[in-house]
């Protein structure tokens, strides 16, 4: 991926100097591609079906109190991985700002928080084992950069564009929040059965994958960021975090009604849809009859 020398975002906070306290209690519906990581790790250690853990983690709850922090600081200038994340975030800002402007709306940029271990958020205490996630309540993306080593070694998804896809997916959840999709989901939560809500959650996650593809489409057209093999890296990452792949990794039967993120094929399909079309409208997973 061609990223070095491009603009870096100023919306990055470095909270790695100290972790957040408190027990694990994600409330306020944090949304993240990395939630699967704690499911994989927990499944390996305790022998529990990863999808069961995902179901537990997707539960609701009241937003936790956010601990008071000192002034946010920027990451060190010589931190290459932080520079990479800042550059990808800036690229998503450029793309989504342009698309929102074309639609007659204003894009409010999210902030991205680098943390290590644990971090207080408006959605509760975030932990590294969750992987990257987005908190709608404070409109921030959270990431422990050690996740990328997990993505590479434990999940078999190496490559810088696979890493960029992860950030773009979380920003996709921010776009959903800006469009009011997330709040609509929350209103439907109390009116739906568990199976119905799981099905809607799948559509939400697949749309975020599609939005990640929309970003890649426009970033490539504007700045030619893609190198040979980059798309394959993102497709591989999408495949590794499909619900069927997670369930299959434990040797159990595939239970579609328990899916919350979509199958590997679905995640690849919707990322590809966004990448090929560059169209937000093409990402309407909620109206699609064929996910």
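The values are calculated or read from the model by the stated rules, or taken from the named source; none is laboratory data. The model shown is predicted, which means the values in this text are computed figures rather than measured ones. All Cβ positions, glycine included, derive from the backbone under ideal geometry; neighbour counts span all protein chains shown.
Tabulated data for the structure shown
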item: Residue within region 129-141 that is modelled with pLDDT of 95 or more, closer than 20 Å to residue 6 by Cβ and in contact with a helix residue (DSSP H, G or I) (Cβ under 6 Å, 6 or more places away or on another chain) present; result: yes
item: Residue check, residue 184 surrounded by fewer than 16 Cβ atoms within 10 Å (Cβ to Cβ), without any contact (Cβ under 8 Å) to a residue 40 or more places away in the chain and outside any helix (DSSP H, G or I); result: no
item: Some residue of region 38-55 being part of a loop (DSSP other than H, G, I, E, B), modelled with pLDDT under 80 and under 20 Å from residue 131 (Cβ atoms); result: yes
item: Some residue of region 227-237 being in contact with a helix residue (DSSP H, G or I) (Cβ under 8 Å, 6 or more places away or on another chain) and closer than 25 Å to residue 136 by Cα; result: yes
item: Every residue from region 119-178 that is part of a strand (DSSP E or B), in contact with a strand residue (DSSP E or B) (Cβ under 6 Å, 6 or more places away or on another chain) and within 26 Å of residue 99 (Cβ to Cβ); result: 133, 134, 135, 140, 141, 142
item: Tally of residues being modelled with pLDDT under 90 and either surrounded by fewer than 21 Cβ atoms within 10 Å (Cβ to Cβ) or within 14 Å of residue 203 (Cα to Cα) (or both) across region 246-285; result: 18
item: Checklist (1) at pLDDT 95 or above; (2) in a loop (DSSP other than H, G, I, E, B); (3) within 20 Å of residue 17 (Cβ to Cβ) applied to residue 116, failing item; result: (1)
